[in-house]
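Notes to accompany the following structure.
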Amino acid sequence: MKWFLILLSVLSAILISCSSSEKVRYDNYRIFQIRPDNSVRYNLLENHIGNESYQVLRYPRHEDGISELLVPPEKVESFKNFLESDGFDFDVVVGNVQKLIDEEEADQVGRDDFSWTAYHNLDRIYGWLDHILETYPQETSAFVIGKSFEGREIRGLKISYKPNNPGIFVESNIHAREWITSATATYLIKALLTSNDTNVQNIARNFDWYIIPVVNVDGFVYSHQHVCLELLEVTIQFQEYKINVPIFQNRMWRKTRQPHSSLCIGADPNRNFDSYWMANGGASSQPCSETYGGPKPFSEPETLALANFYRSISRKVTLYLAFHSYGQYILFPYGHTNKEAPKNLRDLTTVADDAAKAIRNLYGTRYTVGTVAGTLYIASGGGSDWAYNEGGARLAYTFEFRDKGNTGFLLPARQIIPNAEETLDGIVAMLKSAKNLAYF
Ligand SMILES: [Zn+2]
């Protein structure tokens with residue numbers, strides 16, 4: 001345990017030396033897109049990532065072989081050398097991550113109104129929810145599913161124009177850094193209450209909507225915070241021990257904020273639901289991993305609160321939507337296996353295909369449709385899988401919003417409105433399609 005004491009002293013030295021006005025910067029951090037085209041390169045890359053502990057933005061997957069990594073400037077040359085010497089097909093898709101973050105911040109400066117031309121923090125989103133509740137007292141009501149690990153309320157909004165409507169549940173921003181998801185969820189609320197489009201008015205009036213703009217409130221607040229420390233990780237070496245420790249990553253934070261080991265914070269809430277939890281390698285058992293499933297199902301107060309609330313309304317909910325980014329996918333069960341197919345696979349596919357067509361119609365944005373396990377990778381313990389397997393939702397979808405990796409989680413704010421508009425068209429088409437198949 002001696003090395004651990006050394007680690008603690010290094011950590012506290014860094015903590016003491018940093019000033020609270022500093023923030024993590026990503027100057028000249030690059031995003032590499034790598035396409036390992038055979039299993040040898042795939043394994044090579046996986047080992048290399050493990051040894052260097054780069055931040056993985058998109059997980060390497062054998063079938064389509066695309067991986068995206070955030071690489072700090074001091075490692076760019078050696079990483080390039082590694083890729084070139086082993087003949088990898090790769091591109092640098094973002095040359096300076098900080099530039100994207102600066103643009104994102106410039107959009108936020110001086111904006112007092114709540115608009116969809118900038119990303120907003122949790123206080124502003126909650127303030128806007130209050131404003132909506134005051135403005136539309138007949139159609140809207142507030143609900144709170146519970147509190148986060150750090151004690152924040154996880155708030156939602158119900159929109160209901162008349163009694164006995166079938167329900168639709170929308171879960172958003174369960175992954176902290178996916179800011180486009182809460183921006184799209186709030187746009188959806190606004191559209192359902194104010195749109196002049198008869199298609200949107202129809203879906204507003206004929207369904208009850210339960211929308212939670214930010215599920216992972218702690219992670220989301222953290223991703224907005226300007227914390228100190230310029231290092232993303234420190235390397236600790238003592239005798240034969242050498243360990244890379246990720247410390248603060250704020251804007252790129254994904255998980256919850258509950259500590260699960262002395263070194264690492266948070267679990268992946270979208271691997272923490274009690275449905276095939278940890279099955280088939282679809283989540284990591286390592287607390288430092290970005291896809292750590294937690295010490296047990298529903299170990300995270302956020303997922304437990306969501307599940308408890310969902311159970312209280314599940315009787316009337318047919319459709320569960322989970323908003324994520326990025327990659328442009330509409331995904332459906334199963335996540336935990338691709339050896340079995342869900343009973344209504346054909347319907348799930350038809351409804352998703354119709355949504356993807358409508359999305360493409362508006363601005364030409366192409367979404368890929370398929371099961372989580374078949375299209376992306378095995379992922380177990382996800383929210384929409386849980387709702388489908390355990391919560392009685394006959395239709396459950398995960399949207400992975402724009403883009404396909406050029407800006408990734410840092411999607412420029414000018415794309416919020418087009419992303420939200422096409423999503424809304426997709427949802428309208430989805431509900432029409434599901435109605436044709438007699439789901440409503
Ligand atoms: Zn996500």
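Worth a mention:
- Stokes-Einstein D in µm²/s, Kirkwood radius over Cα pairs - the chain at 10 °C with 1.306 mPa s viscosity: 71 µm²/s
- Of all accessible heavy-atom area on the chain, the percent that carbon and sulfur account for (1.4 Å): 48 percent
- Backbone N within the range 315-339 under 17 Å of label point (7 Å from Thr349 Cα along the Cβ vector): 330-335, 337-339
- Cα centre as origin, Lys/Arg/Asp/Glu Cβ charges: the chain dipole, Debye: 1080 debye
- Selection among Gly293, Cys264, Pro166 by position relative to the dipole of the chain gives Pro166 as farthest towards the positive end (Cβ unit charges, Cα centre).
- The mean accessible area for residues of the chain, using a 1.4 Å probe and ignoring ligands and nucleic acids, is 42 Å² per residue.
- Label-point separation in nm, Asn96 to Asn164, each point 7 Å along Cα→Cβ: 6.2 nm
- Of Val93, Val56, Val40, the one that fluctuates the most in a GNM where the chain has Cα springs shorter than 10 Å: Val40
- Given a 1.4 Å probe and the protein chains as shown, Ser262 ends up with an accessible area of around 90 Å².
- Among the chymotrypsin sites (Phe, Trp or Tyr not before Pro) within the range 303-353, not one is in coil by DSSP while having at most 11 neighbouring Cβ atoms inside 10 Å.
- Extension gain, Glu150 to Leu44, is 34.2 nm, computed as 0.36 nm per intervening residue step minus the present C-alpha separation.
- Close amide-amide hydrogen proximity is noted between Ser284 and Thr291, Tyr292, Gly293, each under 5 Å apart and 5 or more residues distant or on a separate chain (H modeled in the peptide plane; Pro and chain starts excluded).
- By accessible area with a 1.4 Å probe, ligands and nucleic acids excluded, highest first: order of Phe90, Phe207, Phe440: Phe440, Phe90, Phe207
- Solvent-accessible ranking of Thr117, Thr140, largest area first, probe 1.4 Å: Thr117, Thr140
- Most mobile listed residue (Thr375, Thr186, Thr135) in the chain, GNM with C-alpha springs under 10 Å: Thr135
- Kyte-Doolittle at least 0.5, axis length at least 15 Å by Cα - qualifying DSSP helices, the chain: 2-17, 179-194
- Nearby lysines by direct alpha-carbon distance to Lys190 (threshold 27 angstrom, same-chain neighbours under 8 apart not counted): Lys147, Lys158, Lys162, Lys316, Lys357, Lys404, Lys432, Lys435
- Residue range of the chain that is longest and free of GluC sites (Glu not before Pro) which are both DSSP loop and sparsely packed (at most 15 other C-beta within 10 Å): 341-440
- Exposure here means at most 11 other Cβ atoms within 10 Å; with trypsin sites (Lys or Arg not before Pro) in a DSSP loop as sites, the longest stretch of the chain lacking them is 1-338.
The values are calculated or read from the model by the stated rules, or taken from the named source; none is laboratory data. In this text the structure is predicted, and so the values were computed from the model without any measurement. We place every Cβ from the backbone using ideal geometry, glycine too, and count neighbours over all the protein chains shown. Heads up: the accessible areas ignore ligands, DNA and RNA and are worked out on the full protein's heavy atoms, side chains in. Shrake-Rupley method; radii C 1.70, N 1.55, O 1.52, S 1.80 Å.
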